[in-house]
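Novice: Have a look at this one before I ask anything.
The values are calculated or read from the model by the stated rules, or taken from the named source; none is laboratory data. This one's a predicted model, so the numbers in the text were calculated from it and none came from an experiment. Don't worry about glycine lacking a Cβ; one is built from the backbone with ideal geometry, like all the others, and counts go over all protein chains shown. Heavy atoms of the whole protein, side chains included, go into the accessibility calculation; ligands, DNA and RNA do not. Shrake-Rupley method; radii C 1.70, N 1.55, O 1.52, S 1.80 Å.
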Number of protein chains: 2
Amino acid sequence: MLANKKPTAAPENPAVQDACDGLAQLKVTNGSTPRALFSADLVSEEVRQLLPTNYTIRPLNESDYAKGFLDCLAQLTVVGDVSVELFKETFEAMLQQKSNYVVVIEDLDRSQVVAAGTLVLERKFIRGCGKIGHIEDIVVSSTERGKRLGIHMIQQLKHIAREIGCYKVILNCAEKNIAFYEKCGLVVKDVQMTEYFTPSVPKTSL
Amino acid sequence: MLANKKPTAAPENPAVQDACDGLAQLKVTNGSTPRALFSADLVSEEVRQLLPTNYTIRPLNESDYAKGFLDCLAQLTVVGDVSVELFKETFEAMLQQKSNYVVVIEDLDRSQVVAAGTLVLERKFIRGCGKIGHIEDIVVSSTERGKRLGIHMIQQLKHIAREIGCYKVILNCAEKNIAFYEKCGLVVKDVQMTEYFTPSVPKTSL
(Lines give C-alpha, C1' and ligand atoms only; values in the text may rest on other atoms or scores of the structure.)
Protein backbone atom coordinates (compact mmCIF):
# COMPACT_ATOMS: atom_id res chain seq x y z
CA MET A 1 0.00 0.00 0.00
CA LEU A 2 2.65 2.46 1.00
CA ALA A 3 6.00 2.89 -0.59
CA ASN A 4 8.02 2.33 2.50
CA LYS A 5 6.80 -0.72 4.26
CA LYS A 6 9.34 -3.41 4.81
CA PRO A 7 8.07 -6.87 5.62
CA THR A 8 8.34 -7.84 9.25
CA ALA A 9 7.47 -11.46 8.59
CA ALA A 10 6.73 -13.85 5.74
CA PRO A 11 3.08 -14.70 6.36
CA GLU A 12 1.45 -17.56 4.57
CA ASN A 13 -1.29 -16.22 2.34
CA PRO A 14 -3.65 -19.08 1.44
CA ALA A 15 -5.29 -17.10 -1.35
CA VAL A 16 -1.95 -16.37 -2.97
CA GLN A 17 -0.82 -19.93 -2.46
CA ASP A 18 -3.98 -21.30 -4.08
CA ALA A 19 -3.47 -18.99 -7.01
CA CYS A 20 0.16 -20.02 -7.38
CA ASP A 21 -0.81 -23.68 -7.27
CA GLY A 22 -2.82 -23.06 -10.41
CA LEU A 23 -0.01 -21.31 -12.20
CA ALA A 24 0.19 -23.89 -14.97
CA GLN A 25 -2.38 -21.73 -16.75
CA LEU A 26 0.15 -19.00 -17.12
CA LYS A 27 3.28 -20.97 -17.89
CA VAL A 28 4.79 -20.29 -21.24
CA THR A 29 4.66 -23.64 -22.97
CA ASN A 30 5.70 -22.72 -26.47
CA GLY A 31 9.16 -21.51 -25.57
CA SER A 32 8.41 -17.88 -26.39
CA THR A 33 9.67 -15.11 -24.12
CA PRO A 34 6.99 -13.80 -21.75
CA ARG A 35 5.97 -10.19 -22.36
CA ALA A 36 7.60 -7.61 -20.11
CA LEU A 37 5.73 -4.59 -18.72
CA PHE A 38 8.28 -2.18 -20.17
CA SER A 39 11.55 -2.14 -22.08
CA ALA A 40 14.53 -3.95 -20.50
CA ASP A 41 16.64 -1.08 -21.87
CA LEU A 42 15.52 0.83 -18.79
CA VAL A 43 17.42 -1.51 -16.46
CA SER A 44 20.54 0.12 -15.04
CA GLU A 45 23.68 -1.83 -15.86
CA GLU A 46 25.31 -0.28 -12.80
CA VAL A 47 22.58 -1.60 -10.51
CA ARG A 48 22.60 -5.01 -12.19
CA GLN A 49 26.32 -5.42 -11.51
CA LEU A 50 25.86 -4.68 -7.81
CA LEU A 51 23.45 -7.58 -7.27
CA PRO A 52 24.50 -10.86 -5.59
CA THR A 53 25.59 -13.68 -7.94
CA ASN A 54 22.67 -15.29 -9.79
CA TYR A 55 20.26 -12.47 -8.97
CA THR A 56 18.76 -10.35 -11.74
CA ILE A 57 16.75 -7.10 -11.80
CA ARG A 58 14.25 -6.63 -14.62
CA PRO A 59 10.76 -5.47 -15.60
CA LEU A 60 7.82 -7.52 -14.30
CA ASN A 61 6.71 -10.01 -16.92
CA GLU A 62 3.72 -12.26 -17.49
CA SER A 63 5.41 -15.32 -16.01
CA ASP A 64 6.11 -13.70 -12.64
CA TYR A 65 2.75 -14.86 -11.32
CA ALA A 66 4.42 -18.30 -11.35
CA LYS A 67 7.55 -17.00 -9.64
CA GLY A 68 6.05 -15.85 -6.36
CA PHE A 69 5.54 -12.18 -7.27
CA LEU A 70 2.29 -12.02 -5.31
CA ASP A 71 3.80 -13.93 -2.37
CA CYS A 72 6.50 -11.29 -2.27
CA LEU A 73 3.91 -8.47 -2.34
CA ALA A 74 1.94 -10.22 0.41
CA GLN A 75 4.85 -9.45 2.74
CA LEU A 76 4.08 -5.75 2.20
CA THR A 77 0.32 -5.66 2.66
CA VAL A 78 -2.93 -7.44 1.84
CA VAL A 79 -2.90 -8.91 -1.68
CA GLY A 80 -6.16 -10.85 -1.45
CA ASP A 81 -7.52 -13.38 -3.88
CA VAL A 82 -5.81 -12.55 -7.17
CA SER A 83 -6.51 -15.19 -9.81
CA VAL A 84 -4.32 -15.76 -12.85
CA GLU A 85 -7.01 -14.06 -14.92
CA LEU A 86 -7.12 -10.97 -12.69
CA PHE A 87 -3.31 -10.76 -12.71
CA LYS A 88 -3.28 -10.94 -16.52
CA GLU A 89 -6.06 -8.38 -16.82
CA THR A 90 -4.20 -5.93 -14.58
CA PHE A 91 -0.91 -6.60 -16.40
CA GLU A 92 -2.66 -5.89 -19.70
CA ALA A 93 -4.22 -2.67 -18.38
CA MET A 94 -0.80 -1.50 -17.19
CA LEU A 95 0.72 -2.37 -20.58
CA GLN A 96 -1.89 -0.18 -22.27
CA GLN A 97 -1.52 2.66 -19.80
CA LYS A 98 2.27 2.78 -20.14
CA SER A 99 2.70 4.48 -16.76
CA ASN A 100 3.47 1.58 -14.37
CA TYR A 101 7.10 0.50 -14.19
CA VAL A 102 6.99 -2.55 -11.92
CA VAL A 103 10.50 -3.88 -11.27
CA VAL A 104 11.38 -7.25 -9.73
CA ILE A 105 14.58 -8.83 -8.44
CA GLU A 106 14.72 -12.57 -9.07
CA ASP A 107 16.87 -15.21 -7.39
CA LEU A 108 17.69 -17.21 -10.54
CA ASP A 109 18.75 -20.31 -8.59
CA ARG A 110 15.26 -20.63 -7.13
CA SER A 111 13.32 -18.87 -9.93
CA GLN A 112 11.70 -16.75 -7.25
CA VAL A 113 10.87 -13.04 -7.11
CA VAL A 114 12.55 -11.81 -3.93
CA ALA A 115 11.96 -8.04 -4.18
CA ALA A 116 9.61 -5.70 -6.02
CA GLY A 117 9.03 -1.98 -6.47
CA THR A 118 7.05 0.34 -8.73
CA LEU A 119 7.57 3.71 -10.36
CA VAL A 120 4.31 5.34 -11.49
CA LEU A 121 4.73 8.02 -14.14
CA GLU A 122 2.49 11.08 -13.75
CA ARG A 123 2.19 13.70 -16.46
CA LYS A 124 1.47 17.25 -15.38
CA PHE A 125 0.72 20.63 -16.95
CA ILE A 126 2.93 22.46 -14.45
CA ARG A 127 6.72 22.66 -14.88
CA GLY A 128 6.50 22.90 -18.66
CA CYS A 129 4.17 19.89 -18.85
CA GLY A 130 6.69 17.95 -16.77
CA LYS A 131 6.59 14.38 -15.48
CA ILE A 132 7.10 13.07 -11.98
CA GLY A 133 7.65 9.53 -10.70
CA HIS A 134 5.79 8.10 -7.70
CA ILE A 135 7.78 5.34 -5.97
CA GLU A 136 5.29 2.77 -4.66
CA ASP A 137 5.03 -0.68 -3.11
CA ILE A 138 8.65 -1.41 -2.23
CA VAL A 139 9.11 -4.87 -0.72
CA VAL A 140 12.08 -7.16 -0.03
CA SER A 141 11.43 -10.74 1.11
CA SER A 142 12.21 -11.27 4.77
CA THR A 143 14.73 -14.01 3.91
CA GLU A 144 16.78 -11.57 1.78
CA ARG A 145 17.88 -9.02 4.35
CA GLY A 146 21.44 -7.72 4.32
CA LYS A 147 21.86 -7.96 0.56
CA ARG A 148 21.10 -4.28 -0.08
CA LEU A 149 18.26 -5.24 -2.42
CA GLY A 150 16.10 -2.36 -1.11
CA ILE A 151 18.74 0.23 -1.99
CA HIS A 152 19.34 -1.37 -5.40
CA MET A 153 15.60 -1.28 -6.07
CA ILE A 154 15.32 2.43 -5.24
CA GLN A 155 18.37 3.24 -7.40
CA GLN A 156 16.80 1.28 -10.27
CA LEU A 157 13.47 3.14 -9.95
CA LYS A 158 15.28 6.48 -9.83
CA HIS A 159 17.23 5.42 -12.94
CA ILE A 160 13.96 4.79 -14.79
CA ALA A 161 12.56 8.13 -13.60
CA ARG A 162 15.58 9.96 -15.01
CA GLU A 163 15.54 8.02 -18.28
CA ILE A 164 11.87 8.78 -18.97
CA GLY A 165 12.39 12.45 -18.19
CA CYS A 166 10.91 12.93 -14.70
CA TYR A 167 12.03 16.09 -12.91
CA LYS A 168 11.60 14.44 -9.50
CA VAL A 169 10.53 11.31 -7.64
CA ILE A 170 8.33 11.27 -4.55
CA LEU A 171 7.30 8.59 -2.08
CA ASN A 172 5.48 8.23 1.21
CA CYS A 173 6.93 6.38 4.18
CA ALA A 174 6.62 5.87 7.91
CA GLU A 175 8.94 7.94 10.09
CA LYS A 176 11.02 4.88 10.99
CA ASN A 177 12.01 4.47 7.33
CA ILE A 178 13.19 8.04 6.76
CA ALA A 179 16.84 7.13 7.44
CA PHE A 180 16.76 4.39 4.79
CA TYR A 181 15.39 6.69 2.11
CA GLU A 182 17.84 9.44 3.07
CA LYS A 183 20.61 6.92 2.32
CA CYS A 184 18.96 6.55 -1.10
CA GLY A 185 19.22 10.31 -1.71
CA LEU A 186 15.72 11.51 -0.81
CA VAL A 187 14.82 14.25 1.68
CA VAL A 188 11.73 14.81 3.84
CA LYS A 189 9.35 17.26 2.19
CA ASP A 190 5.74 17.20 3.37
CA VAL A 191 2.97 15.27 5.10
CA GLN A 192 0.95 12.47 3.54
CA MET A 193 -2.80 12.38 4.21
CA THR A 194 -5.30 9.73 3.21
CA GLU A 195 -8.93 8.65 3.27
CA TYR A 196 -10.03 5.06 2.90
CA PHE A 197 -13.41 4.43 1.31
CA THR A 198 -15.88 1.78 2.28
CA PRO A 199 -16.11 -0.79 -0.50
CA SER A 200 -18.61 -0.04 -3.25
CA VAL A 201 -19.18 -1.17 -6.80
CA PRO A 202 -17.65 1.18 -9.37
CA LYS A 203 -20.25 2.60 -11.73
CA THR A 204 -17.88 3.22 -14.59
CA SER A 205 -14.46 2.20 -15.79
CA LEU A 206 -13.80 5.62 -17.31
CA MET B 1 3.80 20.49 -7.76
CA LEU B 2 2.30 19.47 -4.47
CA ALA B 3 -1.30 18.76 -3.79
CA ASN B 4 -1.70 21.24 -1.03
CA LYS B 5 -0.27 24.50 -2.08
CA LYS B 6 -2.64 27.39 -2.04
CA PRO B 7 -1.67 30.46 -3.96
CA THR B 8 -0.40 33.27 -1.81
CA ALA B 9 -0.46 35.75 -4.65
CA ALA B 10 -1.42 36.04 -8.28
CA PRO B 11 1.95 36.49 -9.96
CA GLU B 12 2.18 37.60 -13.52
CA ASN B 13 3.73 34.86 -15.62
CA PRO B 14 4.96 36.32 -18.90
CA ALA B 15 5.40 32.90 -20.49
CA VAL B 16 1.85 31.93 -19.68
CA GLN B 17 0.60 35.32 -20.82
CA ASP B 18 2.43 34.98 -24.13
CA ALA B 19 0.94 31.56 -24.62
CA CYS B 20 -2.55 32.79 -23.81
CA ASP B 21 -2.17 35.67 -26.24
CA GLY B 22 -1.76 33.09 -28.96
CA LEU B 23 -4.80 31.13 -27.97
CA ALA B 24 -6.65 31.83 -31.19
CA GLN B 25 -4.93 28.74 -32.51
CA LEU B 26 -6.91 26.63 -30.12
CA LYS B 27 -10.30 28.30 -30.36
CA VAL B 28 -13.04 26.08 -31.63
CA THR B 29 -14.18 27.78 -34.79
CA ASN B 30 -16.56 25.22 -36.22
CA GLY B 31 -19.03 25.29 -33.35
CA SER B 32 -18.25 21.75 -32.19
CA THR B 33 -17.94 20.96 -28.50
CA PRO B 34 -14.32 20.81 -27.33
CA ARG B 35 -13.16 17.37 -26.21
CA ALA B 36 -13.19 16.75 -22.47
CA LEU B 37 -10.46 14.78 -20.68
CA PHE B 38 -13.00 12.37 -19.18
CA SER B 39 -16.74 11.78 -19.00
CA ALA B 40 -18.89 14.57 -17.55
CA ASP B 41 -20.95 11.79 -15.95
CA LEU B 42 -18.27 11.77 -13.25
CA VAL B 43 -19.21 15.26 -12.07
CA SER B 44 -21.06 15.19 -8.74
CA GLU B 45 -24.49 16.81 -8.97
CA GLU B 46 -24.29 17.47 -5.23
CA VAL B 47 -21.04 19.42 -5.63
CA ARG B 48 -22.33 21.27 -8.67
CA GLN B 49 -25.34 22.54 -6.74
CA LEU B 50 -23.16 23.92 -3.95
CA LEU B 51 -21.23 26.23 -6.30
CA PRO B 52 -21.87 29.99 -6.48
CA THR B 53 -24.31 31.17 -9.17
CA ASN B 54 -22.85 31.04 -12.67
CA TYR B 55 -19.93 28.82 -11.65
CA THR B 56 -19.56 25.33 -13.07
CA ILE B 57 -17.36 22.34 -12.24
CA ARG B 58 -16.37 20.00 -15.07
CA PRO B 59 -13.59 17.98 -16.73
CA LEU B 60 -10.71 19.94 -18.28
CA ASN B 61 -11.30 20.37 -21.99
CA GLU B 62 -9.27 21.45 -25.00
CA SER B 63 -10.55 25.02 -24.90
CA ASP B 64 -9.38 25.67 -21.33
CA TYR B 65 -6.01 26.84 -22.59
CA ALA B 66 -7.99 29.87 -23.76
CA LYS B 67 -9.78 30.25 -20.42
CA GLY B 68 -6.79 30.89 -18.18
CA PHE B 69 -6.22 27.32 -17.02
CA LEU B 70 -2.44 27.80 -17.04
CA ASP B 71 -2.72 31.21 -15.36
CA CYS B 72 -4.65 29.50 -12.60
CA LEU B 73 -1.99 26.77 -12.26
CA ALA B 74 0.74 29.44 -12.21
CA GLN B 75 -0.63 30.53 -8.85
CA LEU B 76 0.35 27.09 -7.51
CA THR B 77 3.87 26.70 -8.86
CA VAL B 78 6.07 27.21 -11.91
CA VAL B 79 4.24 26.49 -15.15
CA GLY B 80 6.90 27.69 -17.56
CA ASP B 81 6.64 28.19 -21.27
CA VAL B 82 3.75 25.97 -22.33
CA SER B 83 2.75 26.58 -25.94
CA VAL B 84 -0.64 25.67 -27.37
CA GLU B 85 1.03 22.72 -29.09
CA LEU B 86 2.60 21.42 -25.89
CA PHE B 87 -0.72 21.82 -24.05
CA LYS B 88 -2.51 19.85 -26.78
CA GLU B 89 0.18 17.16 -26.84
CA THR B 90 -0.07 16.69 -23.07
CA PHE B 91 -3.87 16.73 -23.20
CA GLU B 92 -3.76 14.05 -25.92
CA ALA B 93 -1.29 11.91 -23.92
CA MET B 94 -3.59 12.13 -20.88
CA LEU B 95 -6.59 11.18 -23.03
CA GLN B 96 -4.73 8.07 -24.18
CA GLN B 97 -3.51 7.15 -20.72
CA LYS B 98 -6.98 7.45 -19.15
CA SER B 99 -5.58 7.99 -15.68
CA ASN B 100 -5.58 11.80 -15.27
CA TYR B 101 -8.84 13.33 -14.11
CA VAL B 102 -8.16 17.07 -14.26
CA VAL B 103 -11.15 19.05 -12.94
CA VAL B 104 -11.72 22.79 -13.34
CA ILE B 105 -14.16 25.28 -11.84
CA GLU B 106 -15.13 28.02 -14.29
CA ASP B 107 -16.65 31.42 -13.63
CA LEU B 108 -19.09 31.45 -16.54
CA ASP B 109 -19.59 35.22 -16.42
CA ARG B 110 -15.91 35.77 -17.16
CA SER B 111 -15.24 32.48 -19.04
CA GLN B 112 -12.27 31.99 -16.71
CA VAL B 113 -10.94 28.91 -14.96
CA VAL B 114 -10.77 29.92 -11.28
CA ALA B 115 -9.82 26.60 -9.66
CA ALA B 116 -8.24 23.31 -10.70
CA GLY B 117 -7.39 19.94 -9.23
CA THR B 118 -6.34 16.49 -10.42
CA LEU B 119 -7.03 12.91 -9.44
CA VAL B 120 -4.44 10.46 -10.81
CA LEU B 121 -5.61 6.86 -10.97
CA GLU B 122 -3.02 4.25 -10.04
CA ARG B 123 -3.59 0.54 -10.60
CA LYS B 124 -1.94 -1.87 -8.22
CA PHE B 125 -1.51 -5.62 -7.78
CA ILE B 126 -2.04 -5.41 -4.00
CA ARG B 127 -5.53 -5.25 -2.47
CA GLY B 128 -7.01 -7.58 -5.08
CA CYS B 129 -5.51 -5.55 -7.93
CA GLY B 130 -7.04 -2.44 -6.40
CA LYS B 131 -6.91 1.18 -7.53
CA ILE B 132 -5.95 4.28 -5.59
CA GLY B 133 -6.38 7.96 -6.41
CA HIS B 134 -3.60 10.53 -5.97
CA ILE B 135 -4.97 14.03 -5.39
CA GLU B 136 -2.57 16.50 -7.03
CA ASP B 137 -2.15 20.14 -7.99
CA ILE B 138 -5.03 21.77 -6.12
CA VAL B 139 -5.27 25.50 -6.78
CA VAL B 140 -7.87 28.22 -6.22
CA SER B 141 -7.34 31.67 -7.72
CA SER B 142 -6.43 34.24 -5.11
CA THR B 143 -9.44 36.38 -6.07
CA GLU B 144 -11.85 33.54 -5.29
CA ARG B 145 -11.28 33.01 -1.59
CA GLY B 146 -14.20 32.48 0.77
CA LYS B 147 -16.32 30.66 -1.79
CA ARG B 148 -15.40 27.19 -0.53
CA LEU B 149 -14.10 26.25 -3.99
CA GLY B 150 -11.20 24.28 -2.46
CA ILE B 151 -13.52 22.07 -0.43
CA HIS B 152 -15.84 21.59 -3.42
CA MET B 153 -12.85 20.57 -5.56
CA ILE B 154 -11.69 17.95 -3.05
CA GLN B 155 -15.20 16.56 -2.70
CA GLN B 156 -15.43 16.33 -6.50
CA LEU B 157 -12.09 14.50 -6.77
CA LYS B 158 -13.14 12.09 -4.00
CA HIS B 159 -16.41 11.53 -5.87
CA ILE B 160 -14.49 10.53 -9.00
CA ALA B 161 -12.22 8.24 -6.96
CA ARG B 162 -15.23 6.41 -5.54
CA GLU B 163 -16.98 6.18 -8.90
CA ILE B 164 -13.98 4.61 -10.64
CA GLY B 165 -13.52 2.12 -7.81
CA CYS B 166 -10.56 3.44 -5.81
CA TYR B 167 -10.24 2.02 -2.30
CA LYS B 168 -8.55 5.20 -1.03
CA VAL B 169 -7.25 8.64 -1.97
CA ILE B 170 -3.91 10.07 -0.86
CA LEU B 171 -2.29 13.48 -1.09
CA ASN B 172 0.77 15.32 0.15
CA CYS B 173 0.56 18.71 1.86
CA ALA B 174 2.47 21.15 4.01
CA GLU B 175 1.73 21.01 7.75
CA LYS B 176 -0.14 24.32 7.62
CA ASN B 177 -2.73 22.78 5.31
CA ILE B 178 -3.50 19.71 7.43
CA ALA B 179 -6.51 21.38 9.07
CA PHE B 180 -8.06 22.15 5.68
CA TYR B 181 -7.74 18.56 4.46
CA GLU B 182 -9.04 17.22 7.77
CA LYS B 183 -12.19 19.28 7.13
CA CYS B 184 -12.37 17.43 3.79
CA GLY B 185 -12.31 14.06 5.57
CA LEU B 186 -8.65 13.03 5.27
CA VAL B 187 -6.32 12.06 8.10
CA VAL B 188 -2.55 12.33 8.48
CA LYS B 189 -0.84 9.05 7.62
CA ASP B 190 2.86 9.22 6.75
CA VAL B 191 5.79 11.37 5.63
CA GLN B 192 6.44 12.47 2.06
CA MET B 193 10.01 12.35 0.76
CA THR B 194 11.35 13.59 -2.55
CA GLU B 195 14.39 13.95 -4.76
CA TYR B 196 14.66 16.54 -7.51
CA PHE B 197 16.81 15.65 -10.51
CA THR B 198 19.04 17.98 -12.42
CA PRO B 199 17.60 18.48 -15.88
CA SER B 200 18.65 15.99 -18.52
CA VAL B 201 17.39 14.85 -21.88
CA PRO B 202 15.20 11.74 -21.68
CA LYS B 203 16.61 8.86 -23.71
CA THR B 204 13.30 7.14 -24.28
CA SER B 205 9.60 7.84 -24.07
CA LEU B 206 8.85 4.27 -22.97
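Novice: What are the distances, in nm and sorted shortest first, from the label point of residue A:185 to the label points of the same position in each other copy, with each label point placed 7 Å from Cα along the Cα-to-Cβ direction?
Specialist: When each copy's label point is compared with this one, the spacings are 3.9 nm.
Novice: Distances in nm, one decimal, shortest first, from residue B:48 to the same residue in every other copy, taking the label point 7 angstrom along Cα→Cβ.
Specialist: 5.3
Novice: Oh, and also: Ignoring everything but the protein chains, give the 1.4 Å probe accessible area of residue A:189 in square angstrom, nearest 10.
Specialist: 80 Å²
Novice: Can you tally the net charge around residue A:109? Count Lys and Arg as +1, Asp and Glu as -1, for every other residue whose Cβ sits under 13 Å from the Cβ of residue A:109. The partial results should precede the final answer.
Specialist: Details: positive: A:67, A:110; negative: A:106, A:107, A:144.
Residues close to residue A:109 contribute a combined charge of -1.
Novice: What accessible area, in Å² to the nearest ten, does a 1.4 Å probe give for residue A:109?
Specialist: About 110 Å², rounded to the nearest 10.
Novice: Find every distance from the label point of residue B:145 to the corresponding label point in the other copies (7 Å from Cα along Cα→Cβ) and write them in nm, one decimal, shortest first.
Specialist: 5.1
Novice: Still on this model: In Å, what is the Rg of the alpha-carbon atoms in the stretch A:14-183, and how long is Dmax?
Specialist: Rg and Dmax of the stretch A:14-183, Cα atoms, are 16.0, 49 Å.
Novice: Taking the Cβ of residue B:134 as the center, what net charge do the other residues with Cβ under 11 Å away carry, scoring Lys and Arg +1 and Asp and Glu -1? If you can, show how the numbers build up before the last one.
Specialist: Numbers: positive: B:131, B:168; negative: A:122, A:136, B:122, B:136, B:137.
Combined, the nearby Lys, Arg, Asp and Glu give -3.
Novice: For the cross-link pairs A:124/B:147; A:183/B:88; A:67/A:189; B:88/B:189; A:98/B:67, which exceed 28 Å when the distance is taken from alpha carbon to alpha carbon? Don't skip to the answer; put the middle values down first.
Specialist: On the way: A:124/B:147 26 Å; A:183/B:88 39 Å; A:67/A:189 36 Å; B:88/B:189 36 Å; A:98/B:67 30 Å.
Long pairs (Cα-Cα over 28 Å): A:183/B:88; A:67/A:189; B:88/B:189; A:98/B:67.
Novice: Note down the accessible area of residue A:144, probe 1.4 Å, to the nearest 10 Å².
Specialist: 10 Å²
Novice: Follow-up question, since we're still on this one. Using a 1.4 angstrom probe on the protein heavy atoms only, line up A:69, A:197 by accessible area, largest first.
Specialist: Values: A:69 0, A:197 30 Å².
Per-residue accessible area, sorted high to low, gives A:197, A:69.
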